Amino acid sequence: MLSRRQLLRTGAVAAAVPAAALSPAARAVAADATNPAGVPAGAPLIDVSHGSTKWLDAVTNHDTSTTLQGFAFDSVNGYFYTAQIAGASQVAYLRSGSQVAVTAALSGDDHAGSGDLCITKHDLTGAVKGVMYLLGFGHGVSIGVEPATSSTPAYLWTEANAGTDGYGDEIVRFPFVDKTVLWTSHPSVKRLLPPEPGATSTTPSVDAAYGILLLRYVANGAHWFAAYDLTAARSAVLGRTALPVPLAKIQQPFLAKPDANGNPTADAAVFQGFASAGPYLYLLDGNARTSDPTQPLAGYDKWTIHTTSVDLNGTLNDPSTGYILRTHSEADAASNPREPEGMAVYAGTGGPRLCFGITNNLADGTHQFDLYYKI
């Protein structure tokens, strides 16, 4: 049986029968019977089979010792925010004697196990414009951003209350304030009640252009996505009241790991990120390369990275797969380790762009990534 951490990382749906042994109809996970199917239309469907275009090359976060996990855009103001597990040296400093209040609020787990994150603010050239540290929050697979206005800062939505495996079970909202450290009990951190009783491993994404808060979580052994009106969700988190009925709720489709010839296997792919625009949900999965980066992509490495489109309202999904379209990407063929990390939609000038990161580290161990997009 998969552990909670394995379940989150693979995106697998726990079942007694391997996926390959099920009929296509039995494997399908289209709209749940209770899906209100009410996410407003209007957003264009991005074609995930479209070629991947490089936007930014060799982006480095404030902390270059660990890998990008997730990111989100403030498309209105031309920024994006990245999340990564905080490096050990930074955490050691933050937990030093000068941070007594922070240290007292955390367990004795190491930085990965207790969910310490580094959030970096970038402009659209990739330049670093700010940094925050979040202690005890989660893994950072996905985050959300409400754009800054003339009177308010940007607000971030993240997971929080990390367990011993480093993944958060709560969703929180707080303002981005440069050069600050937050712990989960800080007064500026406002909590959202769970999307349903017993939900765990919850991660957020914000579609500011269409006013949607999207949550991914585990319940009853499966991964679910639930979409909420962003204004109503903001009121719920500030008032500490229950979330409204979701606009849509859908089970995550099975994402198959490919074999060396690109054929789907019974194994679940490694889940790496998600984002939405209007009623359309986009998923990212894949592994780091296994071959020499100086050689052309071949075998499993050629097929590992996939992007998938899903209709949150359920009507456009193929009943045999539970999604609209799924396709592999051969972007960044020479990068190393070429692991896909994080997905977000840029809705500003030239958008919408469905963006995803690919790690492309330097030989000296400096962690960096390239940013690609589909339109």
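Each value in this text was obtained by applying a stated rule to the coordinates, not by laboratory testing. Everything quoted here is computed from the prediction, not taken from an experiment. All Cβ positions, even for glycine, are placed from backbone atoms using ideal geometry, and neighbour counts span all protein chains on display.
Sort 136-142, 323-329 by packing, meaning the average of other beta carbons within 10 Å per residue, with the highest value first. The partial results should precede the final answer.
Working: 136-142: 28.3, 323-329: 19.4.
By packing density, highest mean first, the sequence is 136-142, 323-329.
Sequence-distant contacts, meaning Cα pairs under 8 Å at least 6 residues apart, place the relative contact order of segment 255-306 at 38 percent.
On a 24 Å Cα-Cα criterion, which of the cross-link pairs LYS129/LYS249; LYS54/LYS302; LYS257/LYS302; LYS54/LYS121 come out too long? Don't jump to the answer; show the numbers that get you there.
Values: LYS129/LYS249 36 Å; LYS54/LYS302 18 Å; LYS257/LYS302 12 Å; LYS54/LYS121 20 Å.
The answer is LYS129/LYS249.
In terms of the mean number of neighbouring beta-carbon atoms within 10 Å, the peptides 194-203, 357-366, 77-86 order highest first as 77-86, 194-203, 357-366.
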